[in-house]
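K.L.:
Here it is, the structure in full.
Derivation of every value follows stated rules applied to the coordinates shown; laboratory data play no part. Computed from a prediction, not measured in an experiment: that's the story for all the values here. Virtual Cβ from ideal backbone geometry, glycine too; neighbours counted across all protein chains shown.
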Amino acid sequence: NAKLLSKELATVLTGRHIPIEIMPFNFKEFLLARNYKVDYELMPIPQKKGELLNLVEEYLIEGGFPEVIVKNLNSEEYLGILFDSILFKDVVKRYKVRFSSQIGDLTSFLVNNFSGYYSLRKLKEILSLRSVTTVEKYIEYLEEAYLIFHLERFSYKTGEKIKSPKKVYVVDNGYINAKAMRSSPDKGKLMENLVFTELVKRGFEPNRDLFYYKTRNGREVDFAIKKDLKVTELIQVSYQTSDVDTEQREIKSLLEASEELKGELLTILTWDEEKQVEKYGKVIHFVPVWKWFLSWVGRYI
């Protein structure tokens with residue numbers, strides 16, 4: 001681990017400095033490390049598509065840490081040790097946290113609640129922490145150590161934004177696999193977490209360019225991307241689009257949000273379904289998540 005975290009580094013450097021954020025492998029880099037090249041002409045062949053989807057699933061579960069992929073390490077064991085080491089050295093020890101079990105419980109709760117909502121007040125009550133300020137401070141430590149991110153609701157009203165619950169995402173899906181307690185993987189939530197981290201890797205800064213959105217009727221849109229003062233793109237993540245009710249719910253959420261925010265680029269990221277749906281003069285693009293991972297600015301390579 002680095003001797004100084006990014007915020008600390010900024011205080012000791014003089015003159016201009018540009019922080020460079022290095023994240024685990026994105027899907028393109030993961031495939032490169034696996035020596036796999038996507039041949040789009042072969043994708044209609046079930047066997048070839050199956051090979052690619054198996055790699056997507058591996059990436060979905062085990063994440064993109066280079067050491068795990070390049071050295072074929074046991075991801076659960078290696079990342080479990082790495083996570084605990086960062087929590088102790090870069091959080092508990094660095095910030096002299098007196099009640100290490102409390103921040104451990106908070107971290108465990110957040111990792112198990114990945115892609116989910118939380119409020120500072122509820123976390124304080126559930127975990128019997130001293131104050132909301134303590135919870136907020138601990139979460140800031142975890143973010144500074146690159147264990148989690150938080151995402152806020154997009155709203156033009158400052159009060160609404162502050163009062164709304166936040167969402168938590170984990171820096172890499174491999175950490176979730178190593179540390180979350182579950183009987184089976186929740187692939188829908190894992191896919192949402194993976195899409196969030198991909199957006200961050202593409203340079204969208206959470207709570208400045210990237211938000212979640214809730215319509216006036218309470219319909220949620222997973223991601224709203226803002227450029228300047230305007231929301232330009234709305235993204236839903238849906239693992240199970242084969243279910244008609246689920247598909248209609250996702251479409252309604254996008255259309256309602258688009259009407260309120262005037263966002264025109266509407267996307268539903270799926271496991272492997274590709275189509276376009278036109279409704280009320282708007283086009284919703286259903287894009288397989290693997291194809292989106294290999295894309296940039298809507299252009300598929």
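K.L.:
Each residue of region 186-201 in order: what ³J(HN,Hα) in whole Hz does its phi give by Karplus 6.51 cos²θ - 1.76 cosθ + 1.60, θ = phi - 60°, with x for Gly and Pro?
P.N.:
Calculated HN-Hα couplings, in order: 8, 5, x, 5, 4, 5, 4, 4, 5, 5, 4, 5, 5, 4, 5, 5 Hz.
K.L.:
Treating the beta-carbon of each Lys and Arg as +1 and of each Asp and Glu as -1, no other charges, what is the dipole magnitude of region 44-90 about its Cα centre, to the nearest 20 debye? Write down the numbers at each step before the final one.
P.N.:
Numbers: 4 positive and 9 negative charges, 49 e Å.
In debye, rounded to 20, region 44-90 gives about 240.
K.L.:
Once phi is turned into θ = phi - 60°, what whole-Hz ³J(HN,Hα) does the Karplus curve with 6.51, -1.76 and 1.60 give for every residue of region 91-98, x standing for Gly and Pro?
P.N.:
10, 4, 6, 4, 9, 6, 6, 6
K.L.:
Tell me the net charge near Lys252. Cut-off is 15 Å between Cβ atoms, Lys252 excluded, with +1 for each Lys or Arg and -1 for each Asp or Glu. Walk me through the numbers before you get to the answer.
P.N.:
Numbers: positive: Lys214, Arg216, Arg219, Arg249, Lys279, Lys282; negative: Glu220, Asp222, Asp243, Asp245, Glu247, Glu250, Glu256, Glu259, Glu260, Glu278.
Charge balance in the 15 Å sphere: -4.
K.L.:
What's the magnitude of the charge dipole for region 200-277 around its Cα centre, counting Lys and Arg as +1 and Asp and Glu as -1 at the beta-carbon? Answer in Debye, nearest 20. If you can, show how the numbers build up before the last one.
P.N.:
Values: 13 positive and 17 negative charges, 89 e Å.
In debye, rounded to 20, region 200-277 gives about 420.
K.L.:
Need the C-alpha centroid separation for region 164-188 versus region 237-301, integer Å.
P.N.:
The distance from the Cα centre of region 164-188 to that of region 237-301 comes to 23 Å.
K.L.:
Which loop chymotrypsin sites (Phe, Trp or Tyr not before Pro) in region 90-164, with loop taken from DSSP, have no more than 10 other Cβ atoms within 10 angstrom of their Cβ?
P.N.:
Tyr156
K.L.:
How would Thr241, Thr158 line up from fewest to most surrounding beta-carbon atoms within 10 angstrom?
P.N.:
Values: Thr241 19, Thr158 8.
If I rank by nearby Cβ atoms, fewest first, I get Thr158, Thr241.
K.L.:
Using the 10 angstrom Cβ neighbour count as an exposure proxy, how do Lys167, Lys262 rank, fewest first? Let's see the in-between values first.
P.N.:
Details: Lys167 25, Lys262 10.
Lowest to highest Cβ neighbour count: Lys262, Lys167.
K.L.:
Under a Cβ-only charge scheme (Lys and Arg +1, Asp and Glu -1), can you give me the dipole magnitude of the chain about the Cα centre, in debye to the nearest 20?
P.N.:
Dipole about the Cα centre, nearest 20: 1180 debye.
K.L.:
So what is the relative contact order of the chain, in percent, for Cα pairs below 8 Å that sit 6 or more residues apart? Walk me through the numbers on the way to the answer.
P.N.:
Values: 405 pairs, mean separation 42.3, N = 301.
Reported relative contact order: 14 percent.
K.L.:
I would also like to ask the following. Return the loop-located trypsin sites (Lys or Arg not before Pro) in region 174-215 (DSSP other than H, G, I, E, B) with at most 12 other Cβ atoms within 10 Å of their own Cβ; answer none if there are none.
P.N.:
Numbers: sites: Lys179, Arg182, Lys187, Lys189, Lys201, Arg202, Arg208, Lys214; in loops: Arg182, Arg202, Arg208.
Qualifying residues, ordered by number: Arg182, Arg208.
K.L.:
At a 10 Å Cβ-Cβ cut-off, how would you order Ile268, Ile20, fewest neighbours first? Intermediate results must be reported in sequence, preceding the final value.
P.N.:
Details: Ile268 23, Ile20 6.
Exposure proxy ranking, most exposed first: Ile20, Ile268.
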